Amino acid sequence: MKGNIKVVVSTKKLRYELNLRRNITIIQGDSATGKTTLIQIINDYLSSRTGPGTDVICKKKCAVLSGDLESVLIRLERLSDTIVFANEQEHFLYPKRFAAAVLKSDCYFVFITRDDLHTLPYSVNEIYCLKNSGYYQNTRQVYNSLHQIYPESSTKKHFKKF
């Protein structure tokens, strides 16, 4: 599945802009770059636990997966045409049964993890690093943007056509 889905997640002090081009996107980054905060904001927004000034803008529905493998598989079966977020602390990310459910799904997935997901086929061009491009000072908004770790131009030059 390919497309170009823009997701904007913002609060009064933070702003994340994601541009999803394939069905599986990996977000990596150093500690304290806001990876877990991104998922927490989305989860709180979807559960109506946020205050004014928090918004998630996307032309598709969004969901955050958490819990044990069985409950996640049941929930994933019910989701369709949704942007699904999951964090690296979730143990369900690594079993083959979860990978099979992802491959069967028509959803887009954003996995925030520093580990390799060996059971999933994802493009090296869709591994991003989350970096802060501002400072967290009083009411100034911080813009968090994705930076491609392996740009397409650098991956193409290593492969020759036969």
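Would you check if there is a residue in the range 20-29 being at negative phi and among the small types (Gly, Ala, Ser)? Even if it seems obvious, please write down each step before you answer.
Let us first name the residues in the range 20-29 that are at negative phi, namely 20-28.
This time we only want the ones that are among the small types (Gly, Ala, Ser), so: none.
No, the range 20-29 has no match at all.
Just checking, how many residues over the range 1-60 are part of a loop (DSSP other than H, G, I, E, B) and either touching a Leu at 6+ places or on another chain (Cβ under 7 Å) or among the charged types (D, E, K, R) (or both)? Full working, then the answer.
To start, the set of residues in the range 1-60 that are part of a loop (DSSP other than H, G, I, E, B) comprises 1, 11-13, 23, 29-34, 47-54, 58-60.
Those left that are additionally either touching a Leu at 6+ places or on another chain (Cβ under 7 Å) or among the charged types (D, E, K, R) (or both): 12-13, 29-30, 33-34, 49, 59-60.
Going through the range 1-60 one residue at a time, the tally reaches 9.
Modelled with pLDDT of 90 or more and closer than 22 Å to Asn125 by Cβ: does that describe Ile83? Quick ask: steps written out before the conclusion?
Values: modelled with pLDDT of 90 or more: yes; closer than 22 Å to Asn125 by Cβ: yes.
Yes, satisfied.
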When the residues of the range 60-88 are narrowed to those that are among the charged types (D, E, K, R) and touching a Ser or Thr at 6+ places or on another chain (Cβ under 7 Å), which ends up nearest to Gln40 (Cα to Cα)? Glu88
Cβ pairs under 6 Å, 6+ apart, first in the range 61-83 and within 13 Å of Ala100 (Cα to Cα), second in a helix (DSSP H, G or I) and not polar (S, T, N, Q): Leu69/Phe92; Val72/Phe92; Leu73/Ala101; Leu76/Ala101
Failed item, numbered, when Tyr143 is tested on (1) at pLDDT 60 or above; (2) under 18 Å from the mean Cα position of the chain (by Cα); (3) open to solvent by 20 Å² or more (accessible area, probe 1.4 Å): (1)
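The values are calculated or read from the model by the stated rules, or taken from the named source; none is laboratory data. From a predicted model like this one, the values you see are computed outputs, not experimental measurements. Cβ atoms come from the backbone with ideal geometry, glycine included; neighbour counts cover every protein chain shown. All accessible areas refer to the heavy atoms of the entire protein, side chains included, with ligands and DNA or RNA removed. Shrake-Rupley method; radii C 1.70, N 1.55, O 1.52, S 1.80 Å.
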